[in-house]
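Scroll down for the structure; my scribbles are underneath it.
The values are calculated or read from the model by the stated rules, or taken from the named source; none is laboratory data. In this text the structure is predicted, and so the values were computed from the model without any measurement. Every residue, glycine as well, gets a Cβ built from its backbone with ideal geometry; the counts of neighbours run over all protein chains shown. When the accessible area is computed, the model is the full protein with side chains, heavy atoms only, and any ligands, DNA or RNA have been set aside. Shrake-Rupley method; radii C 1.70, N 1.55, O 1.52, S 1.80 Å.
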Amino acid sequence: MTLSSHSLAVVLAWGMALSITDVGWSAVYRAITFDGLFHDWATVPVAAHDPEDHPGGIDLATVQIANDDDFLYLRFTFHHPTNPNALPPSTFITIDTDNSILTGFNVLGLDTVGADVGWQNDFPFEMGDDVFNTGGGLTNGAGSLAPFHPTLPEMLMTSQEIALPRFATFNATGQSIFPHDSITILIWTDETPESEHVGPISYTFARAVAPGDANGDGVLDAFDVAPFEQALADRTLYRAGFLDLDPDQWGDMDHSGALDAFDVAAFEAALAQMDPEGGFTTLPEPAAGLALIPLALLMRRRRAQ
């Protein structure tokens, strides 16, 4: 199993914009429509790749991860048609919520995660120090899967999406199952003699901010110009400084689905409408064929202020 690393290909030219490709597992803010159709995963980067190495069983190929305020979303693809929830086998999602191998359950003895919470297919359970299932249970913890055919093993699929509730709590303490902004995920199956596993995958929850708020301080102002430019030119470097911000969430100002050079003009227009307190009144709807405005122009405006 190998994890993908961030890669970025950006071409930004006067009068022309090409697509940005960003592969990694940093924060991705999406409100996924949970319907088993997968079209809204198109702009979500792949968090992990797994080689074709489990013939005859559940053979995971890729994992994508995203979140909104209420759910953690995962999408699996498989190398060949399978039923990952046929009881048996089952697919497990186990999460280290404090990113410490010293607490929680050492899944499969891999010494990679100390899992605090897990799901067997859609069923949630609490995990503890050297205890696979404490029996404590979760409140509002059930996962949602699509497609999901636990009683029909003949129903096969090549892709599946999962929604795990961020608002779930531990029955024993009433505390949130996700007390921190970053987690570590290990995905595995209970097949014998050898289980499939993918991970660990590090993930930071994304938070939603206003359009154009590239530094996430709650205000659209001249201080957003430099991070906006950085997100266009080097998304990996941008993400290193803003771990919980998703450029495609705040930067998609023309509603195309992703931040790209066609968003520059709308960003510049929003800056031009800033009120004296440093915010902005309205974000204009960009017209078709919007001319691109050089980022250098924005930088000159910032220096003039």
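Each of residue 217 and residue 256 was given a label point 7 Å from its Cα along the Cα-to-Cβ line. The distance between the two points is 2.8 nm. Solvent exposure of segment 105-218, expressed per residue, is 43 Å² of accessible area, with all protein chains present and a 1.4 angstrom probe. Here segment 91-181 is assigned +1 on the Cβ of each Lys and Arg and -1 on the Cβ of each Asp and Glu. Its dipole about the Cα centre then comes out at about 240 debye.
Between segment 112-141 and segment 252-269, how many Å separate their Cα centres? One Cα centre to the other: 42 Å. Think of segment 114-259 as having a plus end and a minus end, set by charges on the Cβ of Lys, Arg, Asp and Glu; of 120, 212, 165, 165 sits farthest toward the positive end of this dipole. Going 7 Å from the Cα of residue 112 in the Cα-to-Cβ direction, what parts of segment 200-229 have a backbone nitrogen less than 12 Å from that spot? Zone members listed by number: 200-202.
Each label was represented as a point 7 Å from its Cα along the Cα-to-Cβ direction; for residue 99 and residue 194 these points are 3.2 nm apart. Placing pseudo-labels 7 Å out from each Cα toward the beta carbon at residue 272 and residue 42 gives an inter-label distance of 3.0 nm.
Give, as ranges by residue number, the residues of segment 145-169 whose backbone N falls under 13 Å from the point 7 Å along Cα→Cβ of residue 33. Residues passing the 13 Å test: none.
Potential lengthening of the chain between residue 151 and residue 53 amounts to 32.7 nm, from the contour at 0.36 nm per residue minus the alpha-carbon distance.
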